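What follows is a set of notes on a single structure, which appears directly below.
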Amino acid sequence: MRLVAGILLALSAIASQAAGQTPAPAGKPDPAEVRALAANYELANADGNRKCPMTLETRHAGPGFALAYNRSQCSQLFGFLGEVAAWLPGIAGAILFVRSNGRTVAEFTEGVGGVYEAIREGDAVYFLANLQFVDPSERPQITDLFGDWNLSRPGAAPICRITLSDEATGEMFVVRMQPGCDATVARFEPVSWRLDRDDVVLLSPRGDVMRFGRQEGGGWAKVPETPRPLLMTRPE
């Protein structure tokens with residue numbers, strides 16, 4: 001009987017985790033971690049067309065700490081907020097939005113420049129930007145990326161033209177490659193794209209990734225640039 005009970009408990013735990021019901025870290029949160037993360041943030045979807053200002057407070061609330069935001073307005077923009085009762089610091093600097101029973105609703109992992117990312121399985125990708133370090137108005141907006149782009153080597157003529165379309169395919173958008181592209185780009189064969197942590201990411205049918213970081217002049221450069229640099233700029 002003990003063996004059967006143990007198996008049933010294990011299966012229950014696996015099912016709970018598979019459903020996204022993973023528990024928050026056990027034990028009392030480190031006050032220093034709480035103070036370091038408590039600040040004003042902006043919650044946004046990947047497109048950047050839904051935004052919610054919020055404050056992560058140090059005041060205790062339910063299983064964690066209080067979240068202050070316009071609940072009637074933001075809950076209409078982000079349905080999962082209706083499940084959120086508090087926030088907690090997570091592993092490796094993550095920020096957890098948790099239910100009243102302590103189960104995780106969304107886990108925002110630390111990215112770069114004060115921006116955190118949460119991927120909710122079966123839902124979408126969300127970003128949480130710490131406004132101490134990020135000016136949301138300076139972040140690239142996905143609507144500004146739609147349209148035609150040239151791919152070229154530094155100081156050389158374009159070797160390919162692609163279109164970053166607004167046609168959705170799952171959590172990404174369709175890429176259209178124009179005829180006459182250089183063999184290296186044609187072999188990669190970009191078919192979809194997304195905005196990931198302020199970088200433009202192109203994906204091939206095989207799951208290969210090509211990432212471009214924004215430059216000060218408004219163009220984009222492949223990161224890392226090795227083995228061969230590649231630029232993405234608007235056609236003149």
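The values are calculated or read from the model by the stated rules, or taken from the named source; none is laboratory data. Note that the coordinates shown come from a computational prediction; the quantities given were computed from them, not determined experimentally. Quick reminder, even Gly has a Cβ in these numbers, built from the backbone with ideal geometry, and neighbours come from all protein chains shown.
For the stretch 147-176, how many residues are under 28 Å from Tyr126 (Cα atoms) and surrounded by fewer than 18 Cβ atoms within 10 Å (Cβ to Cβ)?
Just the residues of the stretch 147-176 that are under 28 Å from Tyr126 (Cα atoms), to begin with: 147-149, 162-176.
Imposing the further condition that a residue be surrounded by fewer than 18 Cβ atoms within 10 Å (Cβ to Cβ) reduces the set to 147-148, 163, 165-171, 174, 176.
Total meeting the criteria: 12.
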TODO: Using the structure shown, decide if Asp199 is within 26 Å of Asn49 (Cβ to Cβ), charged (D, E, K, R) and in contact with a strand residue (DSSP E or B) (Cβ under 6 Å, 6 or more places away or on another chain).
DONE: yes
- [ ] Working only within the stretch 209-222, note down all residues that are part of a loop (DSSP other than H, G, I, E, B) and either loosely packed, with under 14 Cβ neighbours inside 10 Å or in contact (Cβ under 8 Å) with a residue 40 or more places away in the chain (or both).
- [x] Gln215, Glu216, Gly217, Gly218
Open item on the list: Every residue in the stretch 79-115 that is in a loop (DSSP other than H, G, I, E, B) and either more than 19 Å from Asp47 (Cα to Cα) or in contact with a strand residue (DSSP E or B) (Cβ under 6 Å, 6 or more places away or on another chain) (or both), please.
Closed with: Val84, Ala85, Gly90, Ala94, Arg99, Ser100, Asn101, Gly102, Gly111, Gly114
Task: Qualifying residue in the stretch 128-149 (condition: in the same structural domain as Leu43 (by TED's automatic domain parsing), among the hydrophobic types (A, V, I, L, M, F, W, C), at pLDDT 85 or above and assigned to a strand (DSSP E or B)) - done: yes
